[in-house]
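In what follows, a structure is listed as structure tokens, so that the remarks can point back to it.
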Amino acid sequence: MTYNILQPVTENGIAIVTISRPQALNALNTAFFEEMNHLIASLAADNSIRAMILTGAGKAFVAGADIAEMVHKSAEEGSDFGRLGQRTFDALGNLPFPVIAAINGFALGGGLELAMACDFRIASSKAKFGQPEVNLGLITGYAGSQRLPRLVGLADALYLLTTAEIIGADDALRIGLVQKVCEPEMLMEETLRLARQITAKGPQAVRKIKMVTRQGLNSSFGEGSELEAVHFGSLFGPGSEGEEGMKAFLEKRTPQWN
Ligand code: DAK
């Protein structure tokens, strides 16, 4: 597929994907979702990828779903557009490696929902966050009503969802919406540093802990603990990643991951 909106590059096992439609502040349209779905499928099938960074070109991460495209939709088309986005965001979050949003500017509406579908978020000090759908007589359509309270708690989520207030990076950090804030010119360097920190770890262990943690959230405590036990066990045995990691520790050397 030829990508027109997404600009993917891979560097030492890290896929860096820039959303680039700056003239519309990277607003999410059907073409974006088609490209993103295709890219997600190809990255998921590539065992050499160990982490992904998603960022935006220009002054926005993503300023929301594309209002110019949405305005003409019927109720049925609106639901289909919402489901397409939900499927895409679920697939993004379920990628087998960690996905980091590097939030360079506006992350509004569907843009914040996209950032929340990632595993964690690093923000430029100039980034702005909000769910302004109610300004348009709409509500979130890409599961923001579900992800936001899980990330920041019910009260801060409902505050943002009902007031449409736009908050800055420091407030986003305070409520736990982002994990780190850095100067704009340091955003990619800092995000790459974190991605490299992850890619230096046992690749199977990283994949498994992401899967177990995410799946556990949708299960009971007991089911999640059992899932953890099964995958913990799968990292043992001759030739396993756990064996290499533990032997390397005892032999005081750096592990050689396969
Ligand atoms: N969609 C389309 N175009 C957008 C856009 C958007 N969300 N946001 C900005 N643009 C376009 C502007 O129209 C403008 O285009 P031109 O006039 O140059 O052709 C260009 O980007 C630059 O924007 P501004 O001139 O407005 O730039 P400023 O710096 O002055 O303002 C801003 C930046 C981010 C404060 C402002 O652009 C703004 O308020 N944008 C709208 C933000 C917003 O309301 N976002 C939420 C969108 S609603 C659902 C599925 C999904 C959703 C809901 C339901 N289902 C199907 C159930 C999600 C909804 C949303 O995300």
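The values are calculated or read from the model by the stated rules, or taken from the named source; none is laboratory data. Not measured: the values here are computed from a predicted model. Note that we place each Cβ from the backbone using ideal geometry, even for glycine, and neighbour counts take in every protein chain shown. Surface areas here come from the heavy atoms of the whole protein model, side chains and all, with no ligands, DNA or RNA. Shrake-Rupley method; radii C 1.70, N 1.55, O 1.52, S 1.80 Å.
Some points to look at:
- Of the candidates ALA75, ALA91, the single residue that is open to solvent by 10 Å² or more (accessible area, probe 1.4 Å), in contact (Cβ under 8 Å) with a residue 24 or more places away in the chain and not polar (S, T, N, Q) is ALA91.
- Evaluation of VAL212 against (1) open to solvent by 40 Å² or more (accessible area, probe 1.4 Å); (2) touching a residue at least 12 places away in the same chain (Cβ under 8 Å); (3) aliphatic (A, V, I, L, M) (one fails), failing number: (1)
- Residue list for segment 49-67, restricted to those being among the hydrophobic types (A, V, I, L, M, F, W, C), within 12 Å of the ligand (Cβ to nearest atom) and either open to solvent by 10 Å² or more (accessible area, probe 1.4 Å) or in a loop (DSSP other than H, G, I, E, B) (or both): ALA63, ALA65, ILE67
- Restricting attention to segment 177-200, the residues that are touching a residue at least 12 places away in the same chain (Cβ under 8 Å) and not in a strand (DSSP E or B) total 15.
- Yes/no for ARG87 being of a type in the set (Lys, Arg) and more than 16 Å from the ligand (Cβ to nearest atom): no
- Failed item, numbered, when GLU189 is tested on (1) more than 30 Å from ASN104 (Cα to Cα); (2) within 26 Å of the chain's Cα centre (by Cα): (1)
- Residue in segment 4-16 that is assigned to a helix (DSSP H, G or I) and either open to solvent by less than 10 Å² (accessible area, probe 1.4 Å) or of a type in the set (S, T, N, Q) (or both) present: no
- Search result, residues across segment 212-227 that are in a helix (DSSP H, G or I) and closer than 14 Å to ASN94 by Cβ: VAL212, THR213, ARG214, GLN215, GLY216, LEU217
- Every residue from segment 16-72 that is more than 30 Å from TRP257 (Cα to Cα), without any contact (Cβ under 8 Å) to a residue 40 or more places away in the chain and of a type in the set (Asp, Glu): GLU34, GLU35
- Condition check for ASP46: among the acidic types (Asp, Glu) and within 16 Å of the ligand (Cβ to nearest atom): no
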